[in-house]
Amino acid sequence: PPPPPPPPKPPPKEEVVLTEEDYKAMYTESAKKAGYGAAAMLGVGLVSPTAAFSNMFTTFALSGVIGYQVVWGVAHSLHSPLMAVTNAVSGMTAVGGMYTMGGGLVPSTLSETLGFTATAISAVNITGGFLVTKKMLDMFKRPTDPPEFYELYAYPTAGFIGGFGLINLGFPQAASIAATASALGCIGGVAGL
């Protein structure tokens with residue numbers, strides 16, 4: 001007998017056109033999730049019983065996120081890999097500088113001052129790297145590309161920094177957890193390229 005005829009093709013789906021407000025709502029929702037994550041990290045810093053727990057939490061969190069990025073975050077055409085690697089190295093330098101700072105708000109020794117300096121210079125380098133990468137990628141932007149609202153991520157960042165400043169006064173493990181959050185932010189920033 002002859003093979004059965006192929007099934008009928010499904011009707012084409014209508015293309016949904018998103019407005020600028022739709023894109024802003026998506027970015028707002030993502031920024032809220034980042035804020036919830038920052039609050040959770042501060043909570044872990046508040047309840048962290050020992051330095052060993054904080055170190056294990058840091059290892060677990062970073063290895064989980066890095067593993068996810070390695071598996072799912074392969075770039076389409078590996079655009080600007082040099083900038084991404086530079087930002088990642090600067091991110092690790094910033095984390096190392098934060099560990100050297102010792103968790104205090106004001107450096108009191110030479111090594112803490114050097115750690116603060118390394119963190120500050122790395123932060124400038126990371127920011128500049130992302131700005132240069134964004135400008136470079138904007139050269140290839142099409143008029144049909146959706147709008148971006150990355151400035152909304154400033155709110156959870158400011159909330160985390162302010163919360164860290166407050167809880168760091170009485171909770172010694174907060175600095176370690178803040179370093180973990182910073183490293184996760186660095187990985188997320190590189191993944192966002």
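Of note:
- Within the range 34-54, residues that are closer than 16 Å to G185 by Cα reach partners that are open to solvent by 60 Å² or more (accessible area, probe 1.4 Å) and assigned to a helix (DSSP H, G or I) with beta carbons closer than 7 Å, at six or more positions or on different chains, in the pairs A34/Y153; G35/Y155.
- Subset of the range 1-37 [of a type outside the set (G, A, S) and either open to solvent by less than 80 Å² (accessible area, probe 1.4 Å) or under 30 Å from A183 (Cβ atoms) (or both)]: L18, T19, D22, Y23, K24, M26, Y27, T28, E29, K32, K33, Y36
- Residue satisfying all of: in the range 105-130; in contact (Cβ under 8 Å) with a residue 24 or more places away in the chain and closer than 23 Å to L169 by Cβ; farthest from the chain's Cα centre (by Cα) among these: L105
- One residue stands out among those in the range 77-98 that are in contact with a Gly (Cβ under 8 Å, 6 or more places away or on another chain) and modelled with pLDDT of 80 or more: the one that is surrounded by the fewest Cβ atoms within 10 Å (Cβ to Cβ), which is G96.
- Figure legend. Inter-residue proximity from the range 139-152: first residues on the phi > 0 side of the Ramachandran plot, second residues assigned to a loop (DSSP other than H, G, I, E, B) and modelled with pLDDT of 85 or more, beta-carbon distance below 6 Å, spacing 6+ or different chains. No pairs are indicated.
- Unique residue being at pLDDT 80 or above and within 30 Å of L18 (Cβ to Cβ) when the list is T144, T109, T119: T144
The values are calculated or read from the model by the stated rules, or taken from the named source; none is laboratory data. Not measured: the values here are computed from a predicted model. All Cβ positions, even for glycine, are placed from backbone atoms using ideal geometry, and neighbour counts span all protein chains on display. Remember, those area values only see protein heavy atoms, side chains included, never the ligands or the DNA or RNA. Shrake-Rupley method; radii C 1.70, N 1.55, O 1.52, S 1.80 Å.
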